[in-house]
Amino acid sequence: MALLDVQNISVRVEEKQVLSNVNLQIQSGETHVLLGPNGAGKSTLGNAIMGNPVYTLTGGKIIFDGQDITEEKTDKRAKAGLFLSFQNPLEVPGISLETFIRSAIQQRTGERVKLFQFQKELKANMELLNMDASYAGRDLNVGFSGGERKKSEILQLLMLKPKLAILDETDSGLDVDAVRTVSKGIEEYQKRHGGALLIITHSTRILESLNVDYTHILVKGTVVKTGDGSLVQKINENGFDEYIK
Ligand code: ADP
Ligand code: MG
């Protein structure tokens, strides 16, 4: 049974039909890449899977880890092991990065976090991501640069250990070194936790050290092609032209 089974979903945003009859199956531990021109509906698919209420399902079903989550709220989906990193992470004044991650883990597991263990793990992951230790005590994303926000998202991923992470353009706007660091973090999540991934991206750099199982091309709200990892390189060279008709 697939970990994520998106069955024929159609999605509307503010009277606009954005996705039509999209199917997507992801098995435990698999890495899928979602490519497509701007405005194709990639972020919409991520948001619909996560249950963002702005996106209305007009048809289809979403099964995650054996549960029908089609009608579940976002927090329930997160609890079940879904994670979405945002294209533009929000600032949350008044809550430190550390507190935010700790309460997210508590909500997910329903158990109190053991502080010593938690802080040790947080420190190790921050070192892996080349994040200064002082960031743990800073308000979530407030005054963080674009790169720091993306790293804070990957830090959350490593600490929360979801079963499936959807990364929406986590690499956009990052310099070469930051892309490498973020990619290393994602690789750790893949290897250490056997986590599954749906990576939405426009660049191949972030994928270099990752093993990609499947690539999907989304055009105008429809998956027009699914292939293996080599499709990424092909698109990189030839663009989407042959799929836009
Ligand atoms: P992509 O991520 O592939 O670039 P999106 O999913 O962000 O595309 O957007 C697909 C279409 O849906 C676009 O036409 C966009 O304007 C519209 N859309 C997406 N999200 C919203 C929103 N929150 N409010 C209004 N329109 C939206
Ligand atoms: Mg997008």
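Over every pair of different alpha-carbon atoms in the chain, take the mean of 1/r and invert it; report that Kirkwood radius in Å.
18.4 Å
Amide H of S96 versus every other amide H placed in the peptide plane: which residues, excluding those fewer than 5 positions away on the same chain, fall under 5 Å?
Excluding prolines and chain starts, which carry no amide H, the hits are L140.
Of the beta bridges DSSP finds with both residues in the chain, what % are antiparallel, to the nearest 5?
60 percent
Quote the FRET efficiency, to the nearest 0.05, computed for E187 versus K245 with a Förster distance R0 of 30 Å and r equal to the Cβ-Cβ distance.
0.25
Please identify, among K234, K150, K161, the residue showing maximal mean-square fluctuation in a Gaussian network model of the chain using a 10 angstrom Cα cutoff.
K234
Placing +1 at every Lys and Arg Cβ and -1 at every Asp and Glu Cβ, with all other atoms neutral, what dipole size does the chain have around its Cα centre, in debye to the nearest 20? Before the final figure, lay out each step's value.
Details: 29 positive and 31 negative charges, 99 e Å.
My answer is approximately 480 debye.
With everything on Cα atoms, drop me the angle between helix 176-193 and the longest principal axis of the chain, reported from 0 to 90° to the nearest 10.
Roughly 90 degrees, rounded to the nearest 10.
Where the centre of each part is set by its Cα atoms, how far does segment 111-177 sit from segment 36-54, in angstrom?
Answer, in whole Å: 23.
Roughly how tilted is helix 97-109, in degrees to the nearest 10 and between 0 and 90, from the longest Cα axis of the chain?
For 97-109 against the chain, the angle is about 70 degrees.
Work out, step by step, the length gained on full extension between S203 and N52: first 0.36 nm times the residue separation, then minus their alpha carbon distance; give nm to one decimal. Could the numbers behind the result be given before it?
Details: separation 151, 0.36 × 151 = 54.36 nm, distance 2.55 nm.
Extra length available between S203 and N52 comes to 51.8 nm.
Volume per residue, Å³, of the convex hull around the alpha-carbon atoms of segment 1-144?
Measuring per residue, one finds 151 Å³ for the Cα hull of segment 1-144.
Defining a contact as two alpha carbons under 8 Å apart and six or more residues distant in sequence, what relative contact order in percent does the chain show?
Relative CO of the chain lands at 26 percent.
When the accessible area of segment 131-245 is split by element with a 1.4 Å probe, what percent falls to carbon and sulfur?
Roughly 47 percent, rounded to a whole number.
Taking 0.36 nm per residue of sequence separation and subtracting the Cα-Cα distance, how much length would be gained by fully extending the chain between I95 and N21, in nm to one decimal?
Computed gain between I95 and N21 is 22.7 nm.
What angle do you read, to the nearest 10 degrees and between 0 and 90, between the alpha-carbon axis of helix 115-128 and the longest principal axis of the chain?
The answer is roughly 60 degrees.
The values are calculated or read from the model by the stated rules, or taken from the named source; none is laboratory data. Because the structure is predicted, anything quoted here is derived from the model rather than measured. Virtual Cβ from ideal backbone geometry, glycine too; neighbours counted across all protein chains shown. Heavy atoms of the whole protein, side chains included, go into the accessibility calculation; ligands, DNA and RNA do not. Shrake-Rupley method; radii C 1.70, N 1.55, O 1.52, S 1.80 Å.
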